[in-house]
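Please read the structure below before turning to the comments.
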Amino acid sequence: MNAPLTRSLDARYYTDPAIYADEVQGLFASTWQFAGHVSQLDDTGDYFSFDLAGESLFCIRGRDGQIRTFYNVCQHRAHQMVQGSGNTRVVVCPYHAWTYELTGHLRAGPNINAVPGFDKSRICLTEVRTEIFLGFIFVNLDPDAAAMDDWFPDARTELETFLPHWATLEPLEWVEIPENCNWKVSVENYSECYHCALNHPTFSTGVIKPETYDIQPQGYCLRHTTECNALDRMSYDINSGFENNDRYSSWFLWPMFSFQVYPGNLLNTYHWRPVDADNVVVWRGWYSVGGAENETVRGMAVQDRETTVEEDIRLVESVQKGLKSRGYVPGPLVVDPGCGVSSEHSILHLQRWMREAVTARDN
Ligand code: FES
Ligand SMILES: [Fe+2]
């Protein structure tokens, strides 16, 4: 007996604003999400704000050196606390000047001592789960969420073997790529290489060895591995002096972030930032030691933007249009029991997570 075919997700998952709204409230608010890099918060009192799941949040470094994340809302009458980024000794609300410690505890407020029974020790900004993962700040709005090492088993230790110098890495360049498609169309496109041979000539011939490419789940991580092609013909020197300098690998952390390491132990990242059901902005991060100028990294960023990224934009935008066609019937995924580059087994896992994320909230 053959197993039943697995069909791709219904088009409405990618087009229906109600499903998107459900994801914002459910999935985005209960998974580990990238907030920023620790190098943005070098000094005590450094902070930056950001948006996630329809919320404004901010990360700030305390006097104890710890980075904390708070909802960006005053516990008096709900004014926003900070905007953008900066440095501060204490966090002062612009509305009535209630003042909070860097730990979020209320420190003072005009005339609050005149209020009988006012106990300022009971008032604190609402803190959000925060983890530092190899210098990257991740947050989870679910206070009961399992730790990142449980979600993504072995990813941290594997990355350490590819990036022994991770603690010295800082962002050198951000490339912002708006795509007119649902975030899941873009993530799926990233998560299979069935389309690579036809659409990514540079990547397929210049970086990876397609016959060795595979993508396998590790918890909620999708791990891409491959041997590399013609290392002697690489356009840059990959002799970093580190182990694994001759490998390409990537760790996609469900649902919206990926660490990718190119030969020569070069780190780059993807961060999908959904805008609405039909739009996502992909941020590509490129890193160098101390964030210092680095010709190789800049060159990689340009080559990537001009080839793989450009090629993918056309694909995902065409798919988004197609998903709105009355003529589209979701087709079977090409799941090869032997896996490999021409198989969509990785999409099978991804779509299972996508389906779960929405049905979990139907109950
Ligand atoms: S709302 Fe913040 S001090 Fe009043
Ligand atoms: Fe692609």
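Bear in mind these aren't lab numbers, they're just calculated from the coordinates by the rules spelled out. Because the structure is a prediction, the values reported are computed rather than measured. We place every Cβ from the backbone using ideal geometry, glycine too, and count neighbours over all the protein chains shown.
Kyte-Doolittle mean at least -1.0 and Cα extent at least 15 Å along the axis: which DSSP H helices of the chain qualify? Provide the component values of the computation, followed by the final result.
Details: long enough: 310-323 (20 Å, -0.47); 345-359 (21 Å, -0.32).
Passing helices, by number: 310-323, 345-359.
Can you work out D for segment 152-359 in µm² s⁻¹ from Stokes-Einstein, where Rh is the Kirkwood radius over C-alpha pairs, the temperature is 25 °C and the viscosity is 0.890 mPa s?
Estimated diffusion coefficient is 139 µm²/s.
Count the net charge of all other residues whose Cβ sits under 15 Å from the Cβ of Val92, scoring Lys and Arg as +1 and Asp and Glu as -1.
So the surrounding residues net to +3.
So what is the diffusion coefficient of segment 282-353 in µm² per second by Stokes-Einstein at 25 °C and 0.890 mPa s, using a Kirkwood Rh over Cα pairs?
It comes out at roughly 156 µm²/s.
Have a look at Asn111, Asn87, Asn245 and tell me which one the Gaussian network model of the chain (Cα, springs below 10 Å) gives the largest fluctuation.
With Cα springs under 10 Å in the chain, the top fluctuation among Asn111, Asn87, Asn245 is at Asn111.
What is the extension gain from Thr202 to Ser318, computed as 0.36 nm multiplied by their sequence separation minus the C-alpha to C-alpha distance, in nm to one decimal?
Length gained between Thr202 and Ser318: 39.6 nm.
Work through the residues other than Asp149 whose Cβ is under 14 Å from its Cβ and net out their charges, Lys, Arg +1 and Asp, Glu -1.
Numbers: positive: Arg129, Arg156; negative: Glu131, Asp150, Asp154, Glu158, Glu160.
Spelling it out: positives minus negatives among the neighbours equals -3.
What does the helix-only formula give at 222 nm for the chain: each DSSP H stretch with n ≥ 4 adding -39500 (n - 2.57), the total divided by the residues, and the result rounded to the nearest 500 deg cm²/dmol? Don't jump to the answer; show the numbers that get you there.
Working: 9 runs with 76 residues, N = 363.
Per the formula, -6000 deg cm²/dmol.
With a cap of 12 neighbouring Cβ atoms within 10 Å, and only residues DSSP puts in a loop, list the GluC sites (Glu not before Pro) found in segment 77-132.
Listed in order of number, the matching sites amount to none.
Under a Cβ-Cβ cut-off of 13 Å, what is the net charge of the residues other than Asn180 that fall near it, where Lys and Arg count +1 and Asp and Glu count -1?
-2
Which value, to two decimals, describes the C-alpha radius of gyration of segment 33-140 once divided by 2.2 N^0.38 Å?
That ratio works out to 1.07.
Cα to Cα, under 18 Å, and not fewer than 8 places away if on the same chain: which aspartates and glutamates meet these conditions relative to Lys324?
Asp10, Asp16, Glu179, Glu188, Asp276, Asp278
Report the trypsin sites (Lys or Arg not before Pro) located in segment 286-363 that are in a DSSP loop and have at most 14 other Cβ atoms inside 10 Å of their Cβ, or state none.
Lys324, Arg326, Arg361
Cα-Cα pairs above 16 Å in segment 1-83: how many percent? Mind dumping the intermediate values first?
Details: 2256 of 3403 pairs.
In whole percent, the share of Cα-Cα pairs in segment 1-83 beyond 16 Å is 66.
Got a sec? Charge dipole of the chain, +1 on Cβ for Lys and Arg, -1 for Asp and Glu; which of Val335, Pro255, Tyr95 is way out at the positive end?
Of the options given, the answer is Tyr95.
Of the trypsin sites (Lys or Arg not before Pro) in segment 105-143, which ones lie in a loop per DSSP and count no more than 12 other C-beta atoms within 10 Å?
The qualifying sites: there are none.
By how many nm would the segment from Asp119 to Asp10 lengthen if fully extended, with 0.36 nm per residue of separation less the alpha-carbon distance?
33.9 nm
Pairing rule first: another cysteine's C-beta must sit under 4.7 Å. Under that rule, which cysteines of the chain stay single?
Cys59, Cys124, Cys181, Cys221, Cys228, Cys339
Between Arg298 and Arg77, what is the spin-label point distance in nm, taking each point 7 Å from the Cα along the Cα→C-beta axis?
Here the modelled spin labels are 5.2 nm apart.
With Kirkwood's inverse mean 1/r over C-alpha pairs for Rh, give me the Rg to Rh ratio of the chain, two decimals please.
1.01
For segment 140-192 and segment 286-363, what is the separation of their C-alpha centers, rounded to whole Å?
13 Å
Using just the Cα positions, wrap segment 45-93 in a convex hull and report its mean projected area in square nanometres, one decimal place.
For segment 45-93, averaging the hull's shadow over all directions gives 3.4 nm².
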